[in-house]
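Values quoted throughout were computed directly from the atomic coordinates according to the rules given, and no laboratory measurement underlies them. Just so it is clear, the model here is predicted, and its values are computed rather than measured. Here Cβ is always computed from backbone atoms with ideal geometry, including for glycine, and neighbour counts include all displayed protein chains.
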There are 2 protein chains.
Amino acid sequence: MPKLSMHEITLIFLSLAVLLAVARVFGELARRFNQPAVMGEIMAGLLLGPTMAGTFFPHALSFLLPTPGTQLFMSGFTAIAAALFLLVAGMEVDLARVLRQGRTASTVSIAGIVFPFAVGYLSAWYFPHLLGYEGGVHQTLYALFFATAISISALPVIAKTLMDLDYYHTDIGMIIITSAILDDLAGWIIFSVILGTMGINGEFSPSTTILLTILFAAGMLTVGRWGLNRILPWIMAHASWPGGVLGFVVSLALAGAAFTEWIGIHAVFGSFITGVALGDSAHMRKRTKETLEQFVSFIFAPLFFVSIGLQVDFVKNFDPVLTFLVLTIAMVGKVAGCGLGAMAAGLPPRESWAIGFGMNSRGAMEIILALLAMQYGLIGERMFVALVIMALVTSIASGPVMQLILRRKKNRQVSDYMDSRVCLNPLKGKTQREAIDEFARVMGGIIRQSPETIARAVTDRERIAPTGLGFGVAIPHARLSGISAPVIGIGLTKEGVDFNAPDDKPAHLLFFILTPKQDASAQVEILSEISRIAKNAELCNRIKSAESYTEILGLIKTKEI
Amino acid sequence: MPKLSMHEITLIFLSLAVLLAVARVFGELARRFNQPAVMGEIMAGLLLGPTMAGTFFPHALSFLLPTPGTQLFMSGFTAIAAALFLLVAGMEVDLARVLRQGRTASTVSIAGIVFPFAVGYLSAWYFPHLLGYEGGVHQTLYALFFATAISISALPVIAKTLMDLDYYHTDIGMIIITSAILDDLAGWIIFSVILGTMGINGEFSPSTTILLTILFAAGMLTVGRWGLNRILPWIMAHASWPGGVLGFVVSLALAGAAFTEWIGIHAVFGSFITGVALGDSAHMRKRTKETLEQFVSFIFAPLFFVSIGLQVDFVKNFDPVLTFLVLTIAMVGKVAGCGLGAMAAGLPPRESWAIGFGMNSRGAMEIILALLAMQYGLIGERMFVALVIMALVTSIASGPVMQLILRRKKNRQVSDYMDSRVCLNPLKGKTQREAIDEFARVMGGIIRQSPETIARAVTDRERIAPTGLGFGVAIPHARLSGISAPVIGIGLTKEGVDFNAPDDKPAHLLFFILTPKQDASAQVEILSEISRIAKNAELCNRIKSAESYTEILGLIKTKEI
């Protein structure tokens, strides 16, 4: 049996380690700037691929994947990574909810796909060469593909944005999610039909491929869904836990991927539909979904997205005119389509435009579609680069624009406002008075206010009602004018300070919280998060025995021990 | 860039789906017979590989991995799977506990490696050809390898056996685990030295390889461990959760694997040592470990073990004399070494022999070692088959023999004794009397006792103290002579039956439990598990609204919703 040599195995381990590490670091940086991780992961690919490293250090690249064997391996590995990513994306689709949503969602989703589709199709039909048409395929197919590419949405990015804005479980949030799901499904089915019409595989005639695709999707979402809902409880009852379900889900998704690849459309469509059918079952345990989702999102997905940048030189193939046109058509089509659809369904203008911009983000789905289209020769490298940039720009824009239109703020988190300079360990004060003064002195230097003002505000608040929560936790706090953002300090004391807790126990863990006077909700959000922490006795004990500020920050952020 | 063709990608998806599904099914079957899952996974490989399918259906095999490209891919994929499996195995090692354990553990582990090593070395040195020596390498190296192969243990199998017997947290359990860890570490280091001496890689001289190996292991377990313990909290404090840690751990393990492969020993050693250094940190969250462990144990590990069977024809290469000799030398060396070591450390004979048989199981580690040795040309296919069989037989034997020596029984689980025929949904009885009679009628037919006897025993018990637990759950039960195993029935009723619960609420979920008269602990174990279920209100609600017996069984087994 042919095998990779020991040297090639070494290279594969090393390449995967480097690609994963760099992708994750850039993913984290992207999130630091409130951007989706996929942004950073693709950037990492540009850095390691021909765009940057290839231009400046041609040898660095050949260090990563120098032999045909390692390159063959990577092409297989990224195919699996993409299929598993789409499995997880599919599992997030809540079909039952889609079916429950009424007229509004269907109006928005139909307008949200028909309008941009029409705009896209007509532009590409009348101005093919302006829009990157390079021959090779029939012009109708090219126009159809371009129309599809600007019509799909990106469920994961949209869901993440809505959750960040605390808008996920509102009516508008649900309309956006439902419409995005419908548009995604429609988009992928149209794309499959295009691939089928091209007859790429040759194993089947185009019409057979289309027929099989529709049969597969319809079958999986009806009979398949019904069957899975019965098989899952059986597996959990009779096989080991959670191994039975995990193995079943992954092998089923791989089989679905093999089937769709075999009938001549892409593997990712099979695993996506399998994911939709599985995710819908009430018998999929939350824990199993989480395990799959975490491993796939943080190991497979970064490796897949970083590999995109390895394939194309983004600088050489960047065409500013084409990119600008694609971006404009995509944004106008989607925002106008969804916005007008929502207004037609009776929603007020502000919400309607928010829906338009929400649906406008393309994210990872668009990039996968573009990559496949390039691999099948449907589009050239210039169009690929333009579509990737369009996907990134629309995703970046959607969060801030929605925030602006809806005047929403992100939910505030304790860990965002903690300051390493205010970690008093140990806190020296023995009485309430001494403890508050000690905090006020340190805080005063940081927010540039007199310690007396701070101490007075906190003491006044303490007089209204004591802030000892019980369980050894106290949260002296006050709203202060003259600061623009909350500041949170932490104090640990072995001896304990009495804060008149309901259980009469002294406080060993103190959160000292100052929030801006004009921002009432900041205080509410922060205090409710801290009271959740206080109720978790094990977590509090770990915080109390932590050795460094970093360790405390990690415990508060993850809330796990 | 060379790529796998669309046809090859289809084949890879299909092969992985088939291999994973068959491996998991056989893994589950093995567990059904109280055997480690790896047993079944290897069997699945024999079935799909040249041993069975290859002999009877030569075309079936070429269906799985027919092209050089797919075979190249699989060799890379299984290398990664093995490295990740060893990462997880390494993370289970609790170094701190190893260092805490005193004289006994070190005596057992030293005797447990020196004695079998000496027996193995001398046998292979004096009777090389009887023990499968086929030339190619120096006889000393061969004897060293054989000695190592029969000296190592299998931590995961041993830990699983001890947990099954509820013996994990006892002194004996800890001695066994600690000794197994030390023997494993020693075994892998010796094996690395052998590979280094062979100078397989050629990049370094043998002595440099050995030096680098020792430096790597010692460095990772001291400075590396110290550094990781500081880096992990920083990642959790500053990166996204749990993606930051997951990505870091996997890329570090891959880098460690690349390093050890580069210096001329195998990749698995690098990821194993990385795992040991990581697993030891108090900052590795339980949830992160679980996610890694579940995905690797149930997706990567089955794919790796099933692929072992694809490589060799086990029937053609089965040498009964060699297998018998290997098995005898391995068992005598390990059982006698550990048993005598334990007695020398002052333990009573019965416990000492239990330790001997506990340490005797070789499991997956032995198989990985044998596979590597075969790939490096250290051993032939006959010896490989003999070592795999030895690993399987010693693992299978260890549980039952320990159980016999220590007269321990496996902890009983509710799901093992539930009977689908006694799932009364809905239960018709409205009063306690009627409900008990209804259960007794159905149960009587199954255990062949008169319903009156059963009802009387349960009613008598009910009179001593009511069995309503509150939260809508009741557990009418009795100990009965004439049955050999517990039987558990389930009843659901919308109307509720009064069982005098402390909260005065009627029971909607009834467990009807009969246990053998002579077996007091069976009742205790079953009742304590049910009271844990009763306290989980969400779980009980899901059970009450379950639609089938299978669903109820799944909920009780997984205890998750």
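Worth pointing out:
- A:Arg433, B:Arg479 arranged by Cβ crowding within 10 Å, fewest neighbours leading: A:Arg433, B:Arg479
- Share of pairwise Cα separations in segment B:6-62, more than 19 Å, in percent: 36 percent
- Position B:Thr431: other-copy label points at 6.9 nm, ordered by increasing distance, label point 7 Å along Cα→C-beta.
- The C-alpha atoms of segment B:310-437 occupy a region whose extents along the principal axes are 73, 46, 22 Å, arranged from largest to smallest.
- Degrees between helix A:103-126 axis and first principal axis of chain A (Cα, 0 to 90, nearest 10): 50 degrees
- Amide hydrogen proximity for A:His477: with H placed 1.01 Å from N in the peptide plane, the residues at 5 or more positions away or on another chain lying under 5 Å are A:Ile513.
- Global form of segment B:246-304, assessed from the alpha-carbon gyration tensor, a/c cut-off 1.5: oblate
- Each of the peptides A:461-469, A:299-307, B:270-278 was scored by the mean count of other Cβ atoms within 10 Å over its residues; in descending order, highest first, they stand as B:270-278, A:299-307, A:461-469.
- Segment B:322-380: equivalent-ellipsoid semi-axes (sqrt of 5 x gyration tensor eigenvalues, Cα, Å): 29, 11, 9
- Near A:Arg382, once Lys and Arg are set to +1 and Asp and Glu to -1 for all other residues with Cβ below 13 Å from its Cβ, the sum equals -3.
- All Cα pairs of chain B, percent lying beyond 34 Å: 49 percent
- Shielding value for A:260-266 is 3, the average number of Cβ atoms from other chains within 10 Å of each residue's Cβ.
- Cross-link pairs exceeding 20 Å between alpha carbons, from the set A:Lys430/A:Lys517; A:Lys428/A:Lys535; A:Lys286/B:Lys286; A:Lys430/A:Lys494; A:Lys289/A:Lys334; A:Lys428/A:Lys505: A:Lys430/A:Lys517; A:Lys428/A:Lys535; A:Lys289/A:Lys334.
- Chymotrypsin sites (Phe, Trp or Tyr not before Pro) within segment A:1-45, DSSP loop, no more than 16 other Cβ atoms inside 10 Å: A:Phe33
- Per-pair calculated FRET efficiency, R0 = 56 Å: B:Glu495 and A:Gln413 via Cβ, rounded to 0.05: 0.75
- Calculated SAXS-style log₁₀ I(q)/I(0) at q = 0.12 Å⁻¹ - segment B:130-280, Debye, Cα scatterers: -0.64
- Convex hull of Cα atoms in the protein assembly as shown, direction-averaged projection (nm²): 48.7 nm²
- With bins 5 Å wide beginning at 0, the percent of Cα pairs of segment B:190-257 falling in each bin runs 3, 15, 18, 18, 14, 11, 9, 8, 3, 0.
- Couplings 3J(HN,Hα) of segment B:81-93, computed from phi: 4, 5, 4, 5, 4, 5, 4, 5, 4, x, 5, 6, 6 Hz, in residue order, whole Hz [Karplus 6.51 cos²θ - 1.76 cosθ + 1.60, θ = phi - 60°; x for Gly and Pro].
- Quick note on segment B:414-558: its Rg to Rh ratio, both from C-alpha atoms and Rh being the Kirkwood radius, is 0.92.
- Dividing the summed helix terms, -39500 (n - 2.57) for each DSSP H run of n ≥ 4, by the number of residues in the protein assembly as shown produces a 222 nm estimate of -22000 deg cm²/dmol to the nearest 500.
- Residue separation of B:Phe33 and B:Ala218 scaled by 0.36 nm, minus their Cα-Cα distance, works out to 62.5 nm of gained length.
- Rh by Kirkwood over Cα pairs, then Stokes-Einstein D for segment B:78-406 at 0.692 mPa s and 37 °C, µm²/s: 164 µm²/s
- Inter-copy spacing of A:Asn34 label points, which lie 7 Å from Cα along Cα→Cβ, given in nm from shortest upward: 6.1
- Dipole of the protein assembly as shown, positive direction: furthest Cα of A:Phe77, A:Phe314, B:Val487, with charges on the beta-carbon: B:Val487
- For A:Lys535, the point set 7 Å out from Cα toward Cβ sits 1.7 nm from its twins in the other copies, listed from shortest up.
- Phi-based couplings in Hz for segment B:188-198 (Karplus 6.51, -1.76, 1.60; Gly and Pro marked x): 5, 5, 4, 4, 4, 5, 4, 4, x, 4, 5
- Measuring how big segment B:279-378 is from its alpha-carbon positions, Rg and Dmax come out at 18.5, 50 Å.
- Peptides A:70-77, B:217-224 ordered by average Cβ neighbours within 10 Å, highest first: A:70-77, B:217-224
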